[in-house]
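What follows is a short report on a single structure.
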Amino acid sequence: MDEVERLPWTSQRELDDASFRYQLAYLLAHSPFYRGKLAGHDTTGGLDTIATLPLTEKSELKATCSDENPFGDHLCVAPDELVRVYSTSGTTGTPSFIPLTVSDLDNWVTGSARSYAASGLGAGDRVVTTYNAGPFVAGAALDAFSRIGVCHVPIGTGSSERLLRAIDKLRPDAVVLTPSYAEYLLELGDLRSSTVRRVLVAGEPGGGEPAFRAKLQAGWGASVTEAMGIGDIGPSLFGECEQQLGMHLGARGLVHIELIDPDTGAARELSDGATGELVLTHLRHRAAPLLRFRTRDHVRIWTEPCACGRTAPRMRCVGRTDDMLIVRGVNVFPSAVREVVARFQPRVTGAIQIRPKRRGVKQEPPLPVCVEGESNAALAEKIILEIRNALTFTPEVRMVPPQSLPRSDYKSKLVDFSDAT
Ligand SMILES: [Zn+2]
């Protein structure tokens with residue numbers, strides 16, 4: 001573990017305050033976008049007054065991009081200083097470009113290496129990964145495995161047969177993949193008898209939910225830990241340690257975290273157990289640093305000390321605003337529905353798909369949910385009751401045969417609007 005990871009959080013805060021003041025001065029000097037946005041705001045208060053500064057929305061950044069200027073008005077460096085350009089996955093609309101300088105890229109690798117090392121990976125381990133090198137930022141996380149010193153076997157997505165062969169022949173200690181893919185592979189092979197003892201999941205929420213995690217751990221005969229990044233800010237910013245109690249901020253010193261009320265944007269205190277939308281600020285970025293960026297991720301934070309010795313706060317992602325449905329005023333995250341259904345294993349497979357009857361975020365109950373498992377009306381009734389109790393909305397549960405819902409080697413499509421009118 002880097003010694004910096006044991007640094008008391010109060011000391012980290014002092015270092016971050018100095019970095020933040022420098023970063024803000026840098027933005028005012030180099031970013032036309034932030035010069036305009038911060039006009040009239042007091043920018044002298046450091047981190048103590050960061051909540052008085054405006055939030056940055058993805059749509060604002062995109063609005064400044066054009067054919068002539070694909071990076072937008074917040075690009076702070078000359079184009080010849082860029083060494084890497086990633087794309088975001090563009091879950092909402094067109095993808096955008098993420099430019100990096102050499103120091104930005106180095107910081108990304110530093111944060112990612114800490115996040116993955118937290119899960120117990122170390123020199124001498126053999127690790128099979130399924131991230132592709134491009135175009136998405138997850139590809140940058142591949143450099144983290146060299147930094148940690150593991151023997152890295154990059155397989156990528158696209159062929160589960162190739163992946164299973166690598167696991168069988170190369171006898172890795174760990175695999176890195178999305179939780180959906182980790183679940184899907186259990187249907188394709190006997191992974192319990194494999195050499196894999198650590199399954200590291202990232203890329204979508206759900207890997208930390210108890211019933212879903214229990215299924216993965218039992219199926220793989222391995223411990224499951226999560227990592228998480230945010231395209232515009234960095235890959236694998238957070239990584240879970242072997243205590244399995246949430247993801248530590250691996251990018252400490254590089255990124256500042258805040259919580260806000262997702263509806264009003266008001267700041268929330270980072271107290272133990274606090275929930276809200278995650279807001280991130282670059283502290284040492286150069287190409288296109290972001291200030292108070294709204295991630296659209298709903299998270300829970302823990303600040304109490306962790307037995308692993310890392311002092312950075314821990315976090316679990318509850319779900320993304322972009323995936324969220326609102327059923328008569330109640331926020332419903334698809335991964336939370338999957339988690340409740342997973343409690344009924346082995347009578348269900350764990351696979352679900354929500355099939356809304358109408359387009360858009362707002363839905364009326366009962367919300368149709370297809371559940372793979374036994375065709376049994378009493379079971380469907382029990383699932384309806386459990387979802388109503390746990391998530392306070394009423395679903396319409398339709399049992400469908402095992403293996404009838406789509407599988408993915410990337411991220412699961414838990415909501416399908418093709419029945420919607
Ligand atoms: Zn820990």
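The values are calculated or read from the model by the stated rules, or taken from the named source; none is laboratory data. Keep in mind it's a predicted model, so treat the numbers as computed, not measured. Reconstructed Cβ throughout: ideal geometry from the backbone, glycine too, with neighbour counts over all protein chains shown. Heads up: the accessible areas ignore ligands, DNA and RNA and are worked out on the full protein's heavy atoms, side chains in. Shrake-Rupley method; radii C 1.70, N 1.55, O 1.52, S 1.80 Å.
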Per the 1.4 Å probe, what fraction of the accessible area of the range 268-339, in percent, lies on carbon and sulfur atoms?
-> 44
What lysines could a cross-link reach from LYS382, if we take a straight Cα to Cα line under 22 Å and drop same-chain neighbours fewer than 8 places away?
-> LYS215
Between the alpha-carbon centers of the range 56-104 and the range 362-379, tell me the distance in whole angstrom.
-> 41
Return one number: the angle in degrees, 0 to 90 and rounded to the nearest 10, between the long axis of the Cα atoms of helix 210-220 and the longest principal axis of the Cα atoms of the chain.
-> 70
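Ignoring ligands, DNA and RNA, what percent of the 1.4 Å accessible area of the range 13-167 is carbon and sulfur?
Solvent-exposed carbon and sulfur of the range 13-167 make up 54 percent of the total.
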Scoring only Lys, Arg, Asp and Glu (+1, +1, -1, -1) among other residues with Cβ under 13 Å from the Cβ of GLU386 yields +3
Viscosity 0.692 mPa s, temperature 37 °C, Stokes-Einstein D of the range 32-172 from Kirkwood C-alpha radius, µm²/s | 182
Relative to the present Cα-Cα distance, how much length would full extension add between THR392 and SER89 at 0.36 nm per residue of separation?
-> 105.9 nm
Å² per residue, accessible surface of the chain at 1.4 Å = 42
Where does helix 9-30 land angle-wise versus the long Cα axis of the chain, in degrees 0 to 90, nearest 10?
-> 70
Treating the angle as unsigned and between 0 and 90°, give the value, to the nearest 10°, between the Cα long axis of helix 102-118 and the longest Cα principal axis of the chain.
-> 40
Tell me the label-point distance for the pair ASP42, ASP67, using the 7 Å Cα-to-Cβ offset, in nm and rounded to one decimal.
-> 4.6
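Given 10 °C and 1.306 mPa s, how large is the Stokes-Einstein diffusion coefficient of the chain in µm²/s, with Rh as the Kirkwood radius over Cα pairs?
For the chosen part, D equals 71 µm²/s.
Counting Lys and Arg as +1 and Asp and Glu as -1, each charge on the Cβ, what is the dipole of the range 283-421 about the Cα centre in debye, to the nearest 20?
720
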Working with all protein chains in place, sort ARG320, ARG114, ARG165 by solvent-accessible area computed with a 1.4 Å probe, largest first.
-> ARG165, ARG320, ARG114
What shape does the range 268-397 take by its C-alpha gyration tensor, where a ≥ b ≥ c are the square roots of the eigenvalues and a/c under 1.5 counts as rounded, a/b above b/c as prolate, and the rest as oblate?
-> prolate
